[in-house]
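The values are calculated or read from the model by the stated rules, or taken from the named source; none is laboratory data. Nothing here was measured: the structure is a model prediction, and the numbers come from that model. Don't worry about glycine lacking a Cβ; one is built from the backbone with ideal geometry, like all the others, and counts go over all protein chains shown.
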Amino acid sequence: MRTFTFLSGGMSSSSDPLFLDDSFFFFFLMSNLLRDLDRDFRERLMLLLRLILRLGLRLRLRLRLRLRLRLLLRLTLRLRLRLLLRLRLLLRLRL
């Protein structure tokens, strides 16, 4: 496994007291980069989360509206059927 020295960033042997393996060195570099970009990253992440929440709320509202429209259509169909049945009964009674 390759190792990097903490101070110089070059190759070293495992007997060196200041060595890091590749994954830890990568993590060290990434954490330094993220520390510099932390504020912008947080702002972008919050904007993305807000957008996702807004889209989710819009989808929920659309689904609720669709369900309400379906219920209204069902009710109007039921009412139509009831009115037609009543009209039939009235016509039969007249004859």
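Taking the conditions (1) over 35 Å from the mean Cα position of the chain (by Cα); (2) at pLDDT 85 or above in turn, ARG94 satisfies each one other than (2). Being at pLDDT 85 or above and assigned to a helix (DSSP H, G or I) is true of LEU85. Do we find a residue being loosely packed, with under 10 Cβ neighbours inside 10 Å and at pLDDT 60 or above anywhere in segment 39-57? Yes.
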